[in-house]
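J.: Mind having a look at this structure? Questions to follow.
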Amino acid sequence: MLQKYRSVCTGILTIALSLVLVDLAGAADPSLNYVRPRGGQRGTEVSLTFIGARLSDAVEILSYKKGFEFKEIKPNSKNANVCTAIVKIAPDCDLGEHTFQVRTKSGVSDYKTFWVGQFPEVAEKEPNSEFETPQPIELNQTVTGVIQNEDVDHFVVTAKKGQRISAEIEGVRLATTLLDPYLAILDEKRFELKAEDDLPLLRNDSAISVIAPADGKYTILVRDSSYGGNGAAFYRLHVGTYPRPTAVYPAGGQLASKQKVTFKGNTVDNLVQEFQLPDKPNDEFELFASDAGGSAPSGNVFRLFPHGNSMEQEPNNEFKQASPATLPNAFNGIIEKEGDIDYFKFQGKKGQTLEIECYARRVRSPLDPVMYLYDAKSKRVASNDDSRGPDSYFRYKFPADGDYYLSITDHLSRGGADFVYRVEMLPVSPSLELGIPRNARYSQERQRIVVAKGNRFAVVVSAKRTNFGGEIVLDSSNLPKGIKMVAEPMAANLTTMPVVFEAAADAAVEGELIALTGRHADPKQKIEGVFKNRADLVRVRNNQLLWMKDVAQIPVAVVEELPFKLDIVEPKAPLARSGSMQLKVVVTRKEGFDEPITLQFPFRPPGVGASSRVTIPKGKNEAFYPLNANSKAEIKKWKVFVIGSANVGGNAWVSSQLANLEVSDSFVDLQLARTAVEQGKETEILCKVSMKNPFEGDAKIKLVGLPPKVTTEDISFNKESKELIFKVKTDPASPQGRHKSLFCQVEIPMNGETVVHTTGRTELRIDKPLPPKKDEPAKPKAVAKKAEPKKEAPPKRLTRLEQLRLEAKKRLESGTK
């Protein structure tokens, strides 16, 4: 279970009791663009400004990690989109990226990042755009600056011969705009000792280190890689004597163990340190290199694994030199030079299926790995390049006991001291991850639970099941006091479920971050998962994601009362397959509130469709939400909700209750015979009735899709009906041709409502009458004949209409149309 950390808030805002309801909610749906400054030194107090929208009633700052104490939270008297706070950063606060959200009395903002460093901070000062006019700074300081368009910033330090000079920049990672930083270290003669654009360890950010070749002054140059920039292109530049390794080897270790690792790259020559590893998995775990020169500003990604490590032993570039390895250990190595290939030899067991996964780019290595698996005869049996982004993965079932070989190399045959990798092989195991589907692309909208007092809020929770099936239930045990969760188990064949949160009328206006967890409905299946969310912080052309932030908690908050409430009037009749329904939604408004309310129907049972949105007009109290079901809609009693938003000084959301919606089979099947008729004549369409779902009383059938100037009348029928006839009338101007879009709409009364569904299709051919024959000779006069013995009367000649009816009846009886 994840721990919950809440900020300490001492700056509670007050609002006069005399304010009307709409004013109380006047800052609904707060948003946060970024926090300034973008970081701070641990062990200090920093004045923060939160910049976004509708922040005038801020009461708390939520932090996803411990180490922060917030106080003096205040609105800006001149700008309702800004609030401020004082944060005390603990001396032992984790270095690096942290996540904050603003909780107001009427909502919770998006989450944004804040960076914690170890050095005293100094602001960049212009003019420093020329090599000849650099800004002097001390070693082991953090410079906070901004790159304007085509700007180049220079900073000069003094160093002794043999002293390390390291520089690391947070640019893209600050996620305020697209700043792709370029770093260089120059000597007094303007000779470039080292430069870096994109470091795999830091993705699009940079870090460099040099050893001073002589006593003197050294200049650190900072610019955008394409000479861009703007007023929001902030950066944090850490300049010091610290080690800045680009790799850690091995890149993972066993949970709850002590692990010795070697840091490599960027002037760090095999720095060995030992760390105590945590006893629980943590996808964000990092190791920080440190020596006499200090500690790195950011960590090296480190995998936490249930088992130990097997290390490569050079030379191992061919089968006969393969490094011996033991499962279930992870295999670790370095592709040290161009063309290097590492081989491992291990024992496989017949019938065992393993997930074989290489971690390289995901531990920020420059390696683009390619894996090959061979049997004892050196025959390739499996391979992969990019199943995990640039990393490799495949699943393999071993056909026999014996020796197997695994090779790893770089896709482009590159190599280097920091081209580290690790291969983890584990049996196929179940896992579960929860989420909330995004309502808008790249947006955090409704990725938090915000419930107004005495009202409801709802979300669709998604579940990603891996290697298992079955129902999923949510755990509501750690919800804040005053909030209740209403949800049924997620069906085994679904990946989403509707969940409604209700707040008591007297619930306190409070909130916190919780771990929203789910588990297999069968308690014998020990499968659990937690809600995760991702913020896409920096995207560029072609939607390439440069920087994101994942979290494993969700804010749940009670906010001030809202002036409207929604309810579904539960239908008394089902939604039939191939049918439609008008779902009635009513709103209860507070006096004086008449804004339009936009409705959405987020959870749709399998086979059920709905309009994207419906509006309850200004001043109105109800609307009908059109639903439809296809011919394969799943027959079941479902739980559904409607969520609605209105302008209450911002976009405020409430939901209906979790209401019942029954999906049933269609009631009848109709087989309609094809028929033909001449323009201006009448004909009949015969229907053979197959009763699927008997009903009481009389129902109605409408023939839909008739062409212009063709009419018929509706037909009443009941559960006893076997055959029906539509009498069709045409007009001399009815369009001739084959009309194939005729079908029936069935309306069945049930519990005071009407079930509507469609069935049966047929074709009506309308022909042009034949013209009369020209110059036809007159018929001869009749001649009297002798009376003959009385003969039996010939069969009655059928009219054309009677012939068509007989033919249609025969086709229906024979089962053809």
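J.: For the range 557-592, give me the residue count where each residue is touching a residue at least 24 places away in the same chain (Cβ under 8 Å), hydrophobic (A, V, I, L, M, F, W, C) and surrounded by fewer than 20 Cβ atoms within 10 Å (Cβ to Cβ).
T.: Of the residues in the range 557-592, 2 are touching a residue at least 24 places away in the same chain (Cβ under 8 Å), hydrophobic (A, V, I, L, M, F, W, C) and surrounded by fewer than 20 Cβ atoms within 10 Å (Cβ to Cβ).
J.: When the residues of the range 133-150 are narrowed to those that are in contact with a Gly (Cβ under 7 Å, 6 or more places away or on another chain) and crowded, with 20+ Cβ neighbours inside 10 Å, which ends up nearest to Ser290 (Cα to Cα)?
T.: Thr142
J.: Can you tell me how many residues within the range 293-307 are assigned to a loop (DSSP other than H, G, I, E, B) and either crowded, with 16+ Cβ neighbours inside 10 Å or on the phi > 0 side of the Ramachandran plot (or both)?
T.: Adding up the residues that qualify gives 7.
J.: Do you know which residues across the range 314-331 are more than 17 Å from Met371 (Cβ to Cβ) and either out of contact with any strand residue (DSSP E or B) (no Cβ under 7 Å at 6 or more places or on another chain) or not in a loop (DSSP other than H, G, I, E, B) (or both)?
T.: The answer is Glu314, Pro315, Lys320, Gln321, Pro324.
J.: Separate question: Are any residues in the range 285-308 free of Cβ contacts under 8 Å to residues at least 60 places away in the same chain and either within 17 Å of Ile335 (Cβ to Cβ) or aliphatic (A, V, I, L, M) (or both), and if so, which ones?
T.: Leu287, Ala289, Ala292, Leu304
J.: Has the range 461-478 got any residue that is among the small types (Gly, Ala, Ser), touching a Phe, Trp or Tyr at 6+ places or on another chain (Cβ under 9 Å) and touching a residue at least 60 places away in the same chain (Cβ under 8 Å)?
T.: No, the range 461-478 contains no residue that is among the small types (Gly, Ala, Ser), touching a Phe, Trp or Tyr at 6+ places or on another chain (Cβ under 9 Å) and touching a residue at least 60 places away in the same chain (Cβ under 8 Å).
J.: Shifting gears a bit: So Ser413 ticks every box in (1) touching a Gly at 6+ places or on another chain (Cβ under 6 Å); (2) at negative phi but one. Which box is left unticked?
T.: Ser413 satisfies all of (1) touching a Gly at 6+ places or on another chain (Cβ under 6 Å); (2) at negative phi except (2).
J.: Hey, another quick one. Taking Ser77 as the residue in question, decide whether it is at pLDDT below 95 and surrounded by 22 or more Cβ atoms within 10 Å (Cβ to Cβ).
T.: no
J.: Farther than 26 Å from Val428 by Cα, touching a Ser or Thr at 6+ places or on another chain (Cβ under 9 Å), at pLDDT 95 or above and of a type in the set (Val, Ile, Thr): does that describe Ile335?
T.: Taking the combined requirement at face value, the residue satisfies it.
J.: In the range 524-565, how many residues are more than 15 Å from the chain's Cα centre (by Cα) and in a strand (DSSP E or B)?
T.: Looking only at that region, the number is 15.
J.: All but one of (1) of a type in the set (D, E, K, R); (2) surrounded by fewer than 23 Cβ atoms within 10 Å (Cβ to Cβ); (3) closer than 22 Å to Lys112 by Cα hold for Asp205; state the number of the condition that does not hold.
T.: All conditions pass for Asp205, except number (2).
J.: How many residues does the range 467-519 contain that are among the acidic types (Asp, Glu) and outside any strand (DSSP E or B)?
T.: Residues that pass the stated criteria total 4.
J.: Does Gly697 satisfy the condition of being small (Gly, Ala, Ser), farther than 27 Å from Ile635 by Cα and within 49 Å of the chain's Cα centre (by Cα)?
T.: Answer is no for this residue.
J.: Any idea which of Asp731, Asp714 is surrounded by fewer than 14 Cβ atoms within 10 Å (Cβ to Cβ) and at negative phi?
T.: Numbers: Asp731 fails: surrounded by fewer than 14 Cβ atoms within 10 Å (Cβ to Cβ).
So the residue among Asp731, Asp714 that is surrounded by fewer than 14 Cβ atoms within 10 Å (Cβ to Cβ) and at negative phi is Asp714.
J.: As an exercise: evaluate Val59 against (1) within 22 Å of Asn533 (Cα to Cα); (2) among the β-branched types (Val, Ile, Thr); (3) over 23 Å from the mean Cα position of the chain (by Cα) and give the number of the one condition it does not meet.
T.: Result: Val59 passes all but (1).
J.: Moving on to the next point. Looking only at the range 179-219, count every residue that is of a type in the set (D, E, K, R) and either in contact (Cβ under 8 Å) with a residue 60 or more places away in the chain or assigned to a strand (DSSP E or B) (or both) and tell me the total.
T.: Summing the residues that are of a type in the set (D, E, K, R) and either in contact (Cβ under 8 Å) with a residue 60 or more places away in the chain or assigned to a strand (DSSP E or B) (or both) in the range 179-219 gives 5.
J.: Follow-up. Checking Val20 against (1) out of contact with any Asp or Glu (no Cβ under 7 Å at 6 or more places or on another chain); (2) at pLDDT 95 or above; (3) farther than 25 Å from Ser290 by Cβ; (4) surrounded by fewer than 18 Cβ atoms within 10 Å (Cβ to Cβ), which single condition isn't satisfied?
T.: Of (1) out of contact with any Asp or Glu (no Cβ under 7 Å at 6 or more places or on another chain); (2) at pLDDT 95 or above; (3) farther than 25 Å from Ser290 by Cβ; (4) surrounded by fewer than 18 Cβ atoms within 10 Å (Cβ to Cβ), only one is false for Val20: (2).
J.: Something else: Select, from Ala659, Ala652, the only residue that is out of contact with any Ser or Thr (no Cβ under 9 Å at 6 or more places or on another chain), hydrophobic (A, V, I, L, M, F, W, C) and in the same structural domain as Phe601 (by TED's automatic domain parsing).
T.: Being out of contact with any Ser or Thr (no Cβ under 9 Å at 6 or more places or on another chain), hydrophobic (A, V, I, L, M, F, W, C) and in the same structural domain as Phe601 (by TED's automatic domain parsing) holds for just one of Ala659, Ala652, which is Ala659.
J.: Are any residues in the range 352-378 charged (D, E, K, R) and more than 17 Å from Tyr404 (Cα to Cα), and if so, which ones?
T.: Arg361, Arg362, Arg364, Asp368
J.: Could you check, for the range 251-260, whether at least one of its residues is part of a loop (DSSP other than H, G, I, E, B) and crowded, with 20+ Cβ neighbours inside 10 Å? If you could, list the steps in order and put the result at the bottom.
T.: Filtering the range 251-260 down to residues part of a loop (DSSP other than H, G, I, E, B) leaves 251, 255-257.
Those left that are additionally crowded, with 20+ Cβ neighbours inside 10 Å: 251.
Scanning the range 251-260 turns up at least one residue that is part of a loop (DSSP other than H, G, I, E, B) and crowded, with 20+ Cβ neighbours inside 10 Å.
J.: Could you list, in sequence order, all residues of the range 650-680 that are of a type in the set (Gly, Ala, Ser) and either surrounded by fewer than 18 Cβ atoms within 10 Å (Cβ to Cβ) or at negative phi (or both)?
T.: Ala652, Ser655, Ser656, Ala659, Ser664, Ser666, Ala673, Ala676, Gly680 - these are the residues of the range 650-680 that are of a type in the set (Gly, Ala, Ser) and either surrounded by fewer than 18 Cβ atoms within 10 Å (Cβ to Cβ) or at negative phi (or both).
J.: Considering the range 261-279 alone, what residues qualify as being farther than 25 Å from Gly416 by Cα, touching a strand residue (DSSP E or B) at 6+ places or on another chain (Cβ under 8 Å) and not in a strand (DSSP E or B)?
T.: Hits for the range 261-279 are Leu277, Pro278.
Rundown of residues vs (1) surrounded by fewer than 20 Cβ atoms within 10 Å (Cβ to Cβ); (2) modelled with pLDDT of 95 or more; (3) not small (Gly, Ala, Ser), yes/no style:
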{"site": "Ser443", "(1), (2), (3)": "yes, no, no"}
{"site": "Ile449", "(1), (2), (3)": "no, yes, yes"}
{"site": "Gly454", "(1), (2), (3)": "yes, yes, no"}
{"site": "Ile472", "(1), (2), (3)": "no, yes, yes"}
{"site": "Lys484", "(1), (2), (3)": "yes, yes, yes"}
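J.: Quick test for you: out of Ala610, Ala646, pick the one residue that is modelled with pLDDT of 95 or more, surrounded by 15 or more Cβ atoms within 10 Å (Cβ to Cβ) and more than 26 Å from Arg54 (Cβ to Cβ).
T.: Selected residue: Ala610, the only one of Ala610, Ala646 that is modelled with pLDDT of 95 or more, surrounded by 15 or more Cβ atoms within 10 Å (Cβ to Cβ) and more than 26 Å from Arg54 (Cβ to Cβ).
The values are calculated or read from the model by the stated rules, or taken from the named source; none is laboratory data. Everything numeric here is computed off the predicted structure, so don't read it as measured data. Cβ atoms come from the backbone with ideal geometry, glycine included; neighbour counts cover every protein chain shown.
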